[in-house]
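In what follows, a single structure is set out as structure tokens and then discussed.
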Amino acid sequence: MEAGITSHQRNHADERQALQDTMYVIGGKWTLPIINSICNGNHRFREIERSIPGITTRMLSRELKTMEMNKLVKRVVTPTTPVLIEYQSTEYCRSFGSIILEMIKWGKEHREMLRNADKQ
């Protein structure tokens, strides 16, 4: 990965801005777990809430609204009785799925490295 980054002319100000923009959108404590939950089939509010230990109802509601504003999730209302509200990931959200998978992979490797370091 590093060779690709250093093999072309870099604009550090643009890179910094791009990283800040990315962290603004996905850098919250709950954003990635919510996306992961939705992408794993939890579409109703209570399903999402139950799948994420430690998140409060208020925080989930706030995060879903922010994610909607950032075009990461779409709120779908079905006018049945009772009204059915579901959250779906957008195509835009799915565009960084490979990044999330790499983050999961890195996190597992990091945890394993720490376990092995503790054993030495």
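The values are calculated or read from the model by the stated rules, or taken from the named source; none is laboratory data. The model shown is predicted, which means the values in this text are computed figures rather than measured ones. For neighbour counting, all protein chains shown are included, and Cβ atoms are generated from backbone atoms with ideal geometry for every residue, glycine included. Protein only, heavy atoms only, side chains kept; ligands, DNA and RNA dropped before computing areas. Shrake-Rupley method; radii C 1.70, N 1.55, O 1.52, S 1.80 Å.
Given the rule -39500 (n - 2.57) for each run of at least 4 DSSP H residues, summed and divided by the residues of the chain, what is its mean residue ellipticity at 222 nm, to the nearest 500 deg cm²/dmol? Numbers along the way, then the final one.
Details: 7 runs with 76 residues, N = 120.
So the calculated ellipticity at 222 nm is -19000 deg cm²/dmol.
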The helix 57-69 Cα axis meets the longest alpha-carbon principal axis of the chain at an angle in degrees, between 0 and 90 and rounded to 10, of 70 degrees
Heavy-atom accessible area of residue 59, protein chains in place, probe 1.4 angstrom, given in Å² to nearest 10, is 50 Å²
Could you check the simple spin-label distance between residue 58 and residue 31, using points 7 Å along Cα→Cβ, in nm with one decimal?
2.2 nm
Label-point separation (nm) for residue 71 and residue 83, each offset 7 Å from Cα along Cα-to-Cβ?
2.6 nm
If you place +1 on the Cβ of every Lys and Arg and -1 on the Cβ of every Asp and Glu, how big does the dipole about the Cα centre of the chain come out, in debye to the nearest 20?
420 debye
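Once neighbouring chains are kept in place and the probe is 1.4 Å, which whole percent of the accessible area of the chain is contributed by carbon and sulfur? Each step should come with its number before you reach the end.
Details: 5020 of 9120 Å².
So the carbon and sulfur contribution to the accessible surface is 55 percent.
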Could you give the angle, 0 to 90 degrees to the nearest 10, between helix 12-26's Cα long axis and the longest principal axis of the Cα atoms of the chain?
30 degrees
Accessible surface of residue 86 - all protein chains present, 1.4 Å probe, nearest 10 Å²:
50 Å²
Given backbone amide H placed at 1.01 Å from N, residues whose amide H is under 5 Å from that of residue 73, ignoring those fewer than 5 places away on the same chain, are 68, 90
With Cα coordinates, the longest principal axis of the chain makes an angle with the long axis of helix 97-119, in degrees rounded to 10, of 60 degrees
Among 31, 22, 81: highest mean-square fluctuation, GNM of the chain, C-alpha pairs under 10 Å:
81
